[in-house]
Amino acid sequence: MKQFKLRAPGQFNMPSAIAFAREIESAPDADEYLVEFGAVRLVEPFAMLLISSELRKLARRECRPEIDCANFEHMGYAAHMGFFQSFDLEYGKTPGEAKGNGSYIPITIIETNKVEREAFDNGVEVGDQIESTSRRMSAVLCGEDVGALFDTLTYSIREIVRNVVEHSGAERFGICAQYWPSRDRVEVAILDRGMGLRQSLSGNPHIDVSDDKKAINFALMAMSLR
C-alpha cells in the first residue's frame with residue numbers, strides 16, 4: 001500500500017490554509033493519505049472550511065484513497081465546529097450539529113438544490129429563502145441583530161449566498177463564523193467549489209474577463225452600482 005503523509009500547519013489561518021490546500025491538491029496519487037495534525041494550535045473559520053473541503057475532494061479522487069489522521073485529539077474547538085466530520089472522519093460533531101450562539105456559527109453545509117427547491121415551494125426568491133442564514137451571520141459580525149450596520153451586512157451576505165446558489169454551479173457550500181471578544185475580531189467565511197467568477201461571467205460578450213483580476217474587478221463594480 002502506497003501512503004503519502006501531509007502535515008497540517010501550526011496555524012489554521014488564511015495564508016497557511018491556502019498554502020496547505022495547494023499542498024493537498026498537488027499530492028501524488030496514493031492508496032492512503034495520513035494527515036498529521038500534531039502541530040496545530042490556532043484554528044479559524046475560513047481555514048477549517050477550506051482545508052476540510054480540500055481533504056474531502058482528496059478522498060474522492062478516482063483512486064478512492066483512504067484518509068487517515070493522526071494527533072488530532074487536542075483540536076476540541078475544531079471537532080466541536082464540525083471540521084473533522086466535514087471530510088467524513090468520525091470524530092467530533094457533524095456540520096451544523098452544534099447549535100451556535102451570538103459569538104459563533106459552526107461549519108454548516110448547505111445543498112444548493114435544496115435551497116432552490118425550498119424557495120420554489122415557498123413561492124419566494126432564493127435571496128428571501130436564505131434571509132435567516134444571512135441575518136444569523138450578520139448578528140455574529142455586529143454583536144447585535146438590529147441597526148443600519150446589521151441591515152447592510154445582512155444584505156451583503158444574502159447577495160453573496162444568492163450568487164453561490166444561482167451562479168456558481170456548486171452542489172453545496174459551507175458557512176462558518178467566529179467572534180473573539182478578547183481579540184476584538186470577527187471572521188465570517190462562505191466557501192463553495194463552483195466555477196468561479198471568471199467562468200460565470202465569460203458568457204457575457206460585452207465585458208472583458210480575460211483573466212481572474214478583471215472578472216473580480218467587474219463583479220465588484222457591478223455590486224457598487226446596485
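The values are calculated or read from the model by the stated rules, or taken from the named source; none is laboratory data. Owing to the predicted nature of the structure, the values given are computational and were not obtained by experimental measurement. Neighbour counts are summed over all protein chains in view; Cβ atoms, including those assigned to glycine, are modelled from backbone coordinates with ideal geometry. Surface areas here come from the heavy atoms of the whole protein model, side chains and all, with no ligands, DNA or RNA. Shrake-Rupley method; radii C 1.70, N 1.55, O 1.52, S 1.80 Å.
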* To do: Starting from residues that are hydroxyl-bearing (S, T, Y) and in contact with a helix residue (DSSP H, G or I) (Cβ under 7 Å, 6 or more places away or on another chain), keep the ones in the range 62-103 and report whichever is least open to solvent (accessible area, probe 1.4 Å).
  => S86
* Report those strands (runs of 3 or more DSSP E) wholly inside the range 1-80 carrying at least 1 residues which are closer than 23 Å to A177 by Cα and modelled with pLDDT of 95 or more. => none
* Restricting attention to the range 111-124, and to residues there that are touching a residue at least 12 places away in the same chain (Cβ under 8 Å) and either open to solvent by 70 Å² or more (accessible area, probe 1.4 Å) or touching a His at 6+ places or on another chain (Cβ under 9 Å) (or both), which single residue is nearest to C176 (Cα to Cα)? -> E111
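This table checks each residue for (1) closer than 20 Å to M14 by Cβ; (2) touching a helix residue (DSSP H, G or I) at 6+ places or on another chain (Cβ under 8 Å); (3) among the hydroxyl-bearing types (S, T, Y).
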position: S132; (1), (2), (3): no, no, yes
position: R136; (1), (2), (3): no, no, no
position: E144; (1), (2), (3): no, yes, no
position: R158; (1), (2), (3): no, yes, no
position: R172; (1), (2), (3): no, yes, no
position: I175; (1), (2), (3): yes, yes, no
position: P181; (1), (2), (3): no, no, no
position: V186; (1), (2), (3): yes, yes, no
position: N204; (1), (2), (3): no, no, no
* Would you pick out the residues in the range 127-149 that are surrounded by fewer than 19 Cβ atoms within 10 Å (Cβ to Cβ) and more than 25 Å from E166 (Cα to Cα)? -> G143, E144, D145, V146, G147, A148, L149
* Need at least 1 residues that are under 27 Å from L58 (Cα atoms) and under 19 Å from the mean Cα position of the chain (by Cα) per element, so show me which helices (runs of 4 or more DSSP H) inside the range 100-216 make the cut, counting only ones lying wholly within it. => 112-122, 148-163, 197-201
